[in-house]
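Here's the structure, in C-alpha cells; my notes come after.
Rule-based calculations on the coordinates, nothing more; no lab input. Being a predicted model, the structure only gives us computed values, none of them experimental. All Cβ positions, glycine included, derive from the backbone under ideal geometry; neighbour counts span all protein chains shown.
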Amino acid sequence: MNTYHFTIVVRDARSDLANLEDKFFEAGCDDALICSYNDTVYLEFDREAENATQAIRSALDNIRLLGFSDLIVEEQGFSVLSEMADRAGMSRQALSLYAQNKRGDGNFPRPMYGLSSKSAMYSWPEVATWLFKQGKLEKTHYEVAKAVI
C-alpha cells in the first residue's frame with residue numbers, strides 16, 4: 001500500500017467547518033484535513049490504498065455519502081507554475097526554467113492561457129508526467145495526476 005496526497009474541492013459545501021468536520025470524519029474522511037478559502041471547502045487527503053485511482057475514488061465516495069456532488073480533484077486539472085512547483089516540492093523559479101526550456105530535455109508541456117488574464121495555465125497531468133520522466137516528481141504524485149476517475 002502507498003499513501004497518496006490529493007485535494008478535493010467540495011464546491012457545494014459552505015465553510016461552517018465546525019459542523020462539517022464531524023460529518024466528514026464520520027463519513028470516512030478521517031485521513032483528510034478540512035480547509036476553506038473564500039467560503040470554498042476543500043479536503044487535503046493522505047489516503048492509503050493499493051493505487052491512486054482507488055484512493056481518490058474512495059474519498060469521492062465518502063464525500064458523496066454526505067450528499068455533496070460538485071467535487072473537483074485539484075490534481076487532475078489546470079494550474080499555474082507556482083502551484084505546480086509547490087506540488088512537486090521545487091521552487092517556482094526552477095519550474096519556470098523548465099517551462100522556458102532552459103533546463104531539462106526541452107519538451108516541457110505547452111501552456112494554455114486564460115482568455116482574460118493572460119496567465120499561463122498548464123495541465124498538471126501533462127506536467128506531472130514530464131517531471132516524473134525527468135526524475136523530479138515522486139511516483140505517488142505522478143500516479144495521482146494520471147489516475148482515471
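Miscellaneous remarks
- Taken as Cα centroids, the stretch 116-146 and the stretch 74-98 sit 7 Å apart, rounded to the nearest whole angstrom.
- Site-free segments of the chain were taken between trypsin sites (Lys or Arg not before Pro) in DSSP loops having at most 13 other Cβ atoms within 10 Å, sites themselves excluded; the longest one is 15-101.
- Given charges at Cβ of Lys, Arg, Asp, Glu: the chain dipole, positive-most of Phe45, His141, Ser123: Ser123
- In this Cβ point-charge picture (+1 for Lys and Arg, -1 for Asp and Glu), the chain has a dipole of about 1000 debye about its Cα centre.
- Tensor-based shape of the stretch 50-89 (alpha-carbon gyration tensor, a/c under 1.5 rounded, otherwise prolate or oblate): oblate
- Candidates Asn38, Asn51, Asn62, ranked by Gaussian network fluctuation over the chain, Cα under 10 Å, top entry: Asn38
- Tensor-based shape of the chain (alpha-carbon gyration tensor, a/c under 1.5 rounded, otherwise prolate or oblate): prolate
- Full-stretch length increase - Cys35, Leu65 - with 0.36 nm per residue and alpha-carbon distance subtracted: 8.9 nm
- The chain - percent relative contact order, Cα under 8 Å, separation 6 or more: 26
- Environment charge at Ala49 (Cβ cut-off 13 Å; Lys +1, Arg +1, Asp -1, Glu -1): -4
- The charge dipole of the stretch 11-79, taken about the Cα centre with unit charges on the Cβ atoms of Lys, Arg (+1) and Asp, Glu (-1), comes to about 260 debye, rounded to the nearest 20.
- Signed unit charges on C-beta, dipole axis of the chain, positive-most listed residue Ser82, Gln54, Leu66: Ser82
- Here the sum of -39500 (n - 2.57) over DSSP H runs of 4 or more residues, divided by the residues of the chain, equals -11000 deg cm²/dmol at 222 nm, to the nearest 500.
- Of the GluC sites (Glu not before Pro) in the stretch 1-102, those whose Cβ has at most 10 other Cβ within 10 Å and which sit in DSSP loop: Glu50
- Restricting the calculation to alpha carbons of the stretch 1-81 gives Rg and Dmax of 12.1, 36 angstrom.
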